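*Asks:* Just passing along the structure, written as structure tokens.
Rule-based calculations on the coordinates, nothing more; no lab input. Note that the coordinates shown come from a computational prediction; the quantities given were computed from them, not determined experimentally. So basically every Cβ, Gly included, is an ideal-geometry build from the backbone, and we count neighbours across all protein chains shown.
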Amino acid sequence: TSARRAFTARIPIGGGNLVVRQVRTCGDTVLPPGSGALTVVILPPPPGGGDVDVIARGFSQTISTTTQFRSLEGSWSITAREVTRGREIWTPNLTTAQGQLYSFAPSTITVTYTLARGTVNVNVSPSFSGQIQLGGLPGNPVINVTTSNPSVQLDVPPGTYTISPTPVVNGDSLYSCLTRYQYTGGGVPLDVYSRGVYTVDLQYRPTSGCL
């Protein structure tokens with residue numbers, strides 16, 4: 001017969017309750033008393049995050065990828081740290097966690113890393129109300145500037161970019177007059193690091209009166 005064939009039987013227990021603490025199939029590893037299995041899931045896999053200490057009784061190991069431990073004793077604890085790779089900083093969603101080990105109930109803990117972004121402040125002058133697309137940034141975002149708030153803040157993932165703003169914009173001037181504005185610069189190089197703060201100044205000039 002197959003080593004993995006399911007086994008079913010009727011157990012007469014009268015009017016009492018039966019609590020099943022563990023279900024095993026043929027070939028399963030029997031863990032010693034006081035020990036248990038632990039799986040530490042690390043997301044995303046490298047080159048994302050991954051710098052986690054795993055500690056149990058008489059055991060300590062640092063891991064960077066998802067790892068399963070078959071027989072740890074006592075209780076478990078983990079400590080997760082930030083990971084820096086070049087311009088990138090990966091931050092764990094938790095820094096510490098702990099729990100008890102049971103031979104009949106494997107434990108799983110997931111540590112999810114998030115890539116920290118940089119902050120880009122875009123300033124547009126002269127002041128007008130309109131929309132400007134920032135080609136070259138991820139997703140080619142469109143920003144809305146106004147005469148009272150000509151600056152926009154963006155969260156940008158680490159990377160090297162060249163910003164190409166909309167060359168000609170129809171916008172309302174300070175006097176609520178629809179005016180055509182033309183960008184006067186070229187591509188703006190930008191090297192973004194996690195948690196870095198950057199300023200981009202975009203200079204336009206009016207090329208028409210009221211339209």
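*Asks:* Segment 40-93: D in µm²/s via Stokes-Einstein (Kirkwood Rh, Cα pairs, 4 °C, 1.567 mPa s)?
*Replies:* For the chosen part, D equals 109 µm²/s.
*Asks:* Would you calculate the volume per residue, in Å³, of the smallest convex hull containing every Cα atom of segment 53-211?
*Replies:* Per-residue hull volume (Cα only) is 130 Å³.
*Asks:* Sort segment 136-211 into rounded, prolate or oblate with this rule: let a ≥ b ≥ c be the square roots of the eigenvalues of the Cα gyration tensor; rounded if a/c is under 1.5, and if a/c is not under 1.5, prolate when a/b is larger than b/c, oblate otherwise.
*Replies:* Cα axes put segment 136-211 in the prolate bin.
*Asks:* Can you give the Kirkwood hydrodynamic radius for segment 63-126, in Å, rounded to one decimal and based on Cα pairs?
*Replies:* One decimal place: 14.9 Å for the Kirkwood radius.
*Asks:* Would you pull out the residues with amide H under 5 Å of Thr39's amide H, same chain only if 5 or more places away, H placed 1.01 Å from N?
*Replies:* The list, which skips near neighbours in sequence, is Phe69, Ser107, Thr108, Ile109.
*Asks:* Computed on alpha carbon atoms, what radius of gyration and Dmax characterise segment 104-179, expressed in Å?
*Replies:* Rg, Dmax (Cα atoms, Å): 19.3, 75.
*Asks:* Now for a separate question. Where nothing but the Cβ of Lys and Arg (+1) and of Asp and Glu (-1) is charged, how large is the charge dipole of segment 23-161 around its Cα centre, in debye to the nearest 20?
*Replies:* 60 debye
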